[in-house]
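The values are calculated or read from the model by the stated rules, or taken from the named source; none is laboratory data. All figures in this text were calculated on a predicted structure; none of them were measured in a lab. Note that each Cβ is placed from the backbone with ideal geometry, even for glycine, and that neighbours are counted across all protein chains shown.
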Amino acid sequence: MVGGQALNLWAEYYSDRAAELLEFRPYTSKDIDYYGQRDVAKKLADGLGGTVEVPDANDTTFQTAIVHATIGGLAIDIDFLSHVKGVQRGLEQGVADLILPYEHEGIAGEIAIRLMHPLHCLQSRVANVMDLGRSDGTSKRQLAAAPIVLREYINEALAGEDQREAIEILQALFRYLRSDITGRKAHRALANDPIDLFRHFAADERLDSRWREISLSNMITQLEAKRTILGRVKTALRFPDPPMPK
């Protein structure tokens with residue numbers, strides 16, 4: 001699952017441990033978007049007893065198919081997309097499983113929902129507002145929630161002693177904010193400066209102290225420098241960026 005619905009599920013999942021996410025409710029969306037081609041849509045339609053609609057050949061969107069189905073008496077439409085605005089690469093590799101408990105007829109269990117990675121959720125929500133010009137309440141709430149969701153995802157990785165994953169996410173976020181044409185301007189749309197994510201973990205002792213003092217500190221310095229007049233001039237003139245902090 002991708003797009004706003006993926007962000008909504010992450011936000012609801014983390015709202016118990018991040019109270020500020022409650023401020024941006026309700027996390028609802030009438031659309032369900034999936035990443036995939038027509039063959040995947042056909043399998044889902046067969047499983048749901050639904051039908052597949054193929055977009056017109058002249059359709060210039062990233063829509064590959066629409067599944068029409070009825071679940072529990074409710075008619076739903078599920079869009080399948082070949083690309084998510086704002087996410088340049090790694091969408092398939094970055095998919096994360098959200099494990100949710102459920103109970104059916106007195107039997108408890110767990111279900112794994114494949115969701116777009118929280119970093120990609122942030123990128124898509126920024127693009128939604130900055131590139132597509134969305135200014136409705138839902139888009140604004142999702143944009144405000146996205147950095148908090150990403151912070152909590154990193155916190156969860158560290159709580160599980162997966163320092164490597166936490167570092168890789170922070171490095172990917174740094175590359176996006178430093179080099180992506182939209183990412184460089186993300187702070188203009190976000191209520192909270194995305195650099196604050198790095199500052200938050202700069203004091204987190206679950207991360208290697210040497211990495212925090214050298215690499216993480218360097219990331220903050222580079223991002224701050226990008227926003228100065230000199231930094232913007234260098235970007236406009238396409239000066240090469242400094243080496244990536246390891």
Exercise. If the Cβ limit is 7 Å and pairs must be 6+ apart or interchain, which residue in the stretch 220-246 that is within 19 Å of residue 201 (Cβ to Cβ) pairs with which residue that is at pLDDT below 85 and surrounded by 10 or more Cβ atoms within 10 Å (Cβ to Cβ)?
Worked result: 222/242
Exercise. How many residues does the stretch 1-28 hold that are farther than 21 Å from residue 126 by Cβ and among the acidic types (Asp, Glu)?
Worked result: 1
Problem set entry | Tally, over the stretch 94-143, of residues that are closer than 14 Å to residue 1 by Cα, among the hydrophobic types (A, V, I, L, M, F, W, C), part of a loop (DSSP other than H, G, I, E, B) and at pLDDT 85 or above | 1
Seminar exercise, completed: For residue 233, the lone unmet condition from (1) of a type in the set (A, V, I, L, M, F, W, C); (2) surrounded by fewer than 18 Cβ atoms within 10 Å (Cβ to Cβ); (3) out of contact with any Phe, Trp or Tyr (no Cβ under 9 Å at 6 or more places or on another chain) is (3)
Problem set entry | Count - residues of the stretch 44-80 that are loosely packed, with under 10 Cβ neighbours inside 10 Å and in a strand (DSSP E or B) | 2
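Filter the stretch 107-129 down to the residues that are of a type in the set (S, T, N, Q) and within 8 Å of the chain's Cα centre (by Cα), then identify the one that is surrounded by the fewest Cβ atoms within 10 Å (Cβ to Cβ). Break it down stepwise before answering.
Kept after step one, since they are of a type in the set (S, T, N, Q), are these residues of the stretch 107-129: 123-124, 128.
Keeping just the survivors that are within 8 Å of the chain's Cα centre (by Cα) gives 123-124.
Values: 123: 27, 124: 25.
Among them, the one singled out is 124.
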Exercise. Between a first residue in the stretch 38-49 that is within 13 Å of residue 68 (Cα to Cα) and a second residue that is surrounded by 15 or more Cβ atoms within 10 Å (Cβ to Cβ) and of a type in the set (Phe, Trp, Tyr), which pairs have beta carbons less than 6 Å apart while being 6 or more apart in sequence or on different chains?
Worked result: 41/80
Problem set entry | Meets criteria (within 20 Å of the chain's Cα centre (by Cα) and outside any helix (DSSP H, G or I)) for residue 89 | yes
For this session: Hey, could you check the stretch 21-42 for residues that are charged (D, E, K, R) and surrounded by 13 or more Cβ atoms within 10 Å (Cβ to Cβ) and say which is nearest to residue 99 (Cα to Cα)?
Result: 33
Exercise. Hey, any hits in the stretch 26-49 for a residue that's at pLDDT 85 or above and touching a Lys or Arg at 6+ places or on another chain (Cβ under 8 Å)?
Worked result: no
Exercise. Going by the structure shown, is residue 139 closer than 23 Å to residue 87 by Cα and touching an Asp or Glu at 6+ places or on another chain (Cβ under 9 Å)?
Worked result: no
Problem set entry | Criterion (surrounded by 14 or more Cβ atoms within 10 Å (Cβ to Cβ) and either in contact (Cβ under 8 Å) with a residue 60 or more places away in the chain or of a type in the set (Phe, Trp, Tyr) (or both)) met by exactly one of 189, 166 | 189
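Taking the options 177, 207, 197, 216, name whichever one is modelled with pLDDT of 95 or more, in contact with a Gly (Cβ under 7 Å, 6 or more places away or on another chain) and buried (at least 18 other Cβ atoms within 10 Å of the Cβ).
The unique qualifying residue is 177.
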